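Data block below; observations after.
The values are calculated or read from the model by the stated rules, or taken from the named source; none is laboratory data. Nothing here was measured: the structure is a model prediction, and the numbers come from that model. Positions of Cβ are generated from backbone atoms using ideal geometry, with glycine treated the same way; all protein chains shown enter the neighbour counts.
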Amino acid sequence: MSGREPGTLGEWLSAGGPEGDVVMSTRIRLARNVADYPFLGRIDERRKAALEHSLREKLGACLDAPVYHDLEAATPVDRQCLVEGHVISRDLAQGRGARGVAVGPGGVLSVMVNEEDHLRVQVLRAGLAPDEAWAEILAADRRLEGAIDFAFSPELGYLTACPTNVGTGMRVSVMLHLPALVWTKQVDKVLHAVSKINLAVRGFYGEGTQALGDFYQISNQATLGRTEEDTLRAVADYVPHIVAFERNWRRKLLAEHRAGIEDRIWRAYGMLERARLLTSEEAMEYLSALRVGVDLGLIGGVTLAAVNELFILTQPAHLQKLAGRELDTPARDEHRAAFVRGKLARLN
């Protein structure tokens, strides 16, 4: 293991994108399968390995200077680092057999190989940037389609392992930081409204995960019978309403309950600055409050980008990479606290 910061901190953590105070990132993912191979649920290990080898070579030729991670050969900590950095899914990390991921410069573009589908192409951008992300993933998809014969039906569109992805194979997901709505118990109203317009709500690491640190992912559910533009607009047109709702509650809390909101933020900052033991859940909770404090101008010397990076660097696998060794849970809690103290000290 390396003692340096892991190379999984993508551009999406920069906080430089549109609406970056509330919108952490925009992700677009395309599911694709190779026409001459069975879906992964029916493929044997020999053909799966041949598919992975073929796709690895083609990705190297089609993409701009990708780094390919062989996940069958990778250590559990290295695989988990890629999950924590939102480069790969938990399913790919926990899978078996030949599989991998190609990652472009800055981690903006990545392509998972042999996850649920043969290929999962992903673009991850900072802030609310659906049009920019779509332009980038469309260009990558066209390059790949020039080299790979994808499974496609004139009636149904792209064929995928899961029927819910058939059609465009496209998922648009926006990660939102909604602490004011959580603190005021308004978030359920938002989630209920989202479900009524056929959008899905997921946690920090996507499907099947919890909303850690007051982060929620909003994404489309349907792909069949919709164009890519329909899917983009369904998400992009609704998210600004949530952003405005969160901002209004932040201002309302500051105007009407200033002492209470300042106390909450400064208590969190004090714990991060002084604690000797810090669990993952505590770090996410306190960093969430710190992020609001930075946005509201209550905390100086700390940037949103620095807080964003701490959300990832304090996760278990990243801590172990930084330490250069495996750590059990008590040791991680101690190392996490020391790491955060050191980071904050250097920022001030």
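Of V83, V34, V77, V23, all but one fail to be out of contact with any Gly (no Cβ under 8 Å at 6 or more places or on another chain) and more than 23 Å from H118 (Cα to Cα); the exception is V77.
This table checks each residue for (1) within 30 Å of I43 (Cα to Cα); (2) more than 23 Å from the chain's Cα centre (by Cα); (3) surrounded by fewer than 16 Cβ atoms within 10 Å (Cβ to Cβ); (4) touching a residue at least 40 places away in the same chain (Cβ under 8 Å).
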{"position": "G169", "(1), (2), (3), (4)": "yes, no, no, yes"}
{"position": "V201", "(1), (2), (3), (4)": "no, no, no, no"}
{"position": "P240", "(1), (2), (3), (4)": "no, no, yes, yes"}
{"position": "M271", "(1), (2), (3), (4)": "no, yes, no, no"}
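Among the residues of the stretch 52-65, at least one is outside the structural domain of E309 (by TED's automatic domain parsing), closer than 24 Å to A151 by Cα, acidic (D, E) and in contact (Cβ under 8 Å) with a residue 60 or more places away in the chain.
Here the stretch 253-269 is the region considered, the condition is being over 19 Å from V302 (Cα atoms) and touching a helix residue (DSSP H, G or I) at 6+ places or on another chain (Cβ under 8 Å), and the residue that is surrounded by the fewest Cβ atoms within 10 Å (Cβ to Cβ) is G260. Can we say G342 is free of Cβ contacts under 8 Å to residues at least 40 places away in the same chain, small (G, A, S), under 22 Å from L181 (Cα atoms) and not assigned by TED's automatic domain parsing to the domain that holds L178? The answer is no for G342. Being closer than 19 Å to T26 by Cα and out of contact with any Leu (no Cβ under 7 Å at 6 or more places or on another chain) holds for only one residue in P330, P240, and it is P240. Return yes when R47 is basic (K, R), more than 26 Å from A139 (Cα to Cα) and not in a loop (DSSP other than H, G, I, E, B) and no when it is not. Yes: the conditions hold for R47.
Scanning the stretch 320-336 for residues that are touching a Ser or Thr at 6+ places or on another chain (Cβ under 9 Å) and part of a helix (DSSP H, G or I) gives K321, L322, T329, R332, D333, R336. So, of the residues in the stretch 242-251 that are surrounded by 14 or more Cβ atoms within 10 Å (Cβ to Cβ) and not aliphatic (A, V, I, L, M), which turns out to be farthest from L191 (Cα to Cα)? Of everything passing the filter in the stretch 242-251, R250 is farthest from L191 (Cα to Cα).
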